[in-house]
Amino acid sequence: MRLAVLGGGGFRVPLVYGALLRDATKARVEEVVLYDVSPERLEAISHVLRGLAAGHDDPPAVRTTTDLDTALREASFVFSAIRVGGLAGRTADERVALELGLVGQETTGAGGVAFGLRTVPVAVRVAERVAALAPDAWVINFTNPAGMITEAMRRVLGDRVIGICDSPVGLVRRAAAALGLDPARVSPGYVGLNHLGWLRGLTFEGRDVLPRLLADDDLLRQVEEARLLGPDWVRVLGALPNEYLYYYYLTREAVAAGSGRTRGESLLEQQDRFYAAALARPGEAPAEWARARRERDSTYMAEARDTTGAGERSAADLEAGGYEGIALALMAALARGEPATMILNVRNGTAVPGLPEEAVVEVPCAVDAAGVRPLVTGPLPGRFLGLMQQVKAVEQTAIEAALTGSSRLAVAAFALHPLVDSVTTAQRLLDGYRARVPELAAVFPS
């Protein structure tokens, strides 16, 4: 099989390649084609992959290209992890919002809307090229904001595009571990949108064990999400929230924590160092990447943990891996017919009552060679459903704005978001992003 990786010069591409190296089955990926708009980043990542492959028998071949069509031809799977505007765009996403007193985060709030507005047109063009050149390929989307982008790409590719995220599986893994259970043997009652969801139940041997976890402060202290938000609040919710709900439930604290260096600014500095070192000293590229990865992982949501006193990330979390394992498991289920249940971003249908059928939701799904089928989640209380409905309306408005170039709808997308507090502020957001992010200004020139 051939895997095309879009955003192939991205920092996390070696994680995907490392997972492929560990896949010892016969029906496996034999060739990886890396596509990126930056030949320098492709070269740097190629040095890392070459080092990872050393010592492995028959590792997947690696090709690089800056031509999208070349990357897509004859692909069985397409992994999309593009970042329109790069990390410079992310820093603008965060800073423009913070300067207006709002949450500055790349996928949540104003920053997520801005990221989506400039990314949707590019993602749809990618989908059109996939449909033309590799119509039988499965597209696995990790491009953020993943739910919005997956929903936009579905307009072209339908069920053949599936969104993934590592946040829900990390939450389930931590909850199971706190209870002393094997995460592979529990069934999660998870429901939400990407970066906005809740673990409402956790079934083990026919019993929901989540109430036992919620009732025990000592057990909850082992779950990062509960440390972020506090045991009393998760008991009020009756569920464990996705870590990104910190920005909704502790908004003022999140804004205050963003007054220093933003996550995007830190990553931009880290990655500039890595890419420069990898190009200057190709033989040391794998070691430089490993060092930068440790720094990146250990500082993930550090400002939130500092603000709430949640403490350092656990060693188990740092070692467990993330979206690369989800991507490989999804590919195995689709290509080899290995049945699996996974939390994915897919068309709602009737899985989540109260949301549009065409909306992309993040829910447990049954996956096999026939495709992906979302599992019904049951009715949601208003404290969950209301927030999901409002944020989904924002996502769908942003998609229409991006595809039509309508500044009016772009302002509406900002204004409708629960983390944006006025229509006037929404207009200032659009003006600020247009001034700082050329890729967004190209979509909304006036």
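The values are calculated or read from the model by the stated rules, or taken from the named source; none is laboratory data. All figures in this text were calculated on a predicted structure; none of them were measured in a lab. Heads up, the Cβs are rebuilt from the backbone with ideal geometry, glycines too, and the neighbour counts pull from every protein chain shown. Please note that ligands, DNA and RNA were not included when accessible areas were found on the heavy atoms of the full protein model with its side chains. Shrake-Rupley method; radii C 1.70, N 1.55, O 1.52, S 1.80 Å.
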Residue satisfying condition, being touching a Gly at 6+ places or on another chain (Cβ under 7 Å) and within 26 Å of A276 (Cβ to Cβ), within set S46, S38: S38
Entirely in the stretch 193-265, the helices (runs of 4 or more DSSP H) that have 3 or more residues that are under 26 Å from N345 (Cα atoms) and in contact (Cβ under 8 Å) with a residue 40 or more places away in the chain: 224-229, 246-249
Within the stretch 335-384, tally of residues that are buried (at least 17 other Cβ atoms within 10 Å of the Cβ), outside any loop (DSSP other than H, G, I, E, B) and at pLDDT 95 or above: 16
Contacts under 7 angstrom Cβ, first residue in the stretch 424-446 being at negative phi and assigned to a loop (DSSP other than H, G, I, E, B), partner open to solvent by 30 Å² or more (accessible area, probe 1.4 Å) and not small (G, A, S), 6 or more apart: F444/R434
One residue from V96, V103 being surrounded by 24 or more Cβ atoms within 10 Å (Cβ to Cβ), in contact (Cβ under 8 Å) with a residue 40 or more places away in the chain, touching a Gly at 6+ places or on another chain (Cβ under 7 Å) and assigned to a helix (DSSP H, G or I): V96
Test result for R173, under 21 Å from the mean Cα position of the chain (by Cα) and either outside any helix (DSSP H, G or I) or among the basic types (K, R) (or both): yes
Scan of the stretch 123-135 for residues that are farther than 17 Å from L409 by Cβ and touching a residue at least 60 places away in the same chain (Cβ under 8 Å), ordered by number: V126, R129, L133, A134
Members of the stretch 228-248 that are closer than 24 Å to E362 by Cα and open to solvent by 60 Å² or more (accessible area, probe 1.4 Å): W233, R235, V236
Qualifying residue in the stretch 38-46 (condition: surrounded by 24 or more Cβ atoms within 10 Å (Cβ to Cβ) and modelled with pLDDT of 95 or more): yes
Failed item in (1) among the hydroxyl-bearing types (S, T, Y); (2) assigned to a helix (DSSP H, G or I); (3) under 29 Å from A366 (Cβ atoms), with Y190 passing the rest: (2)
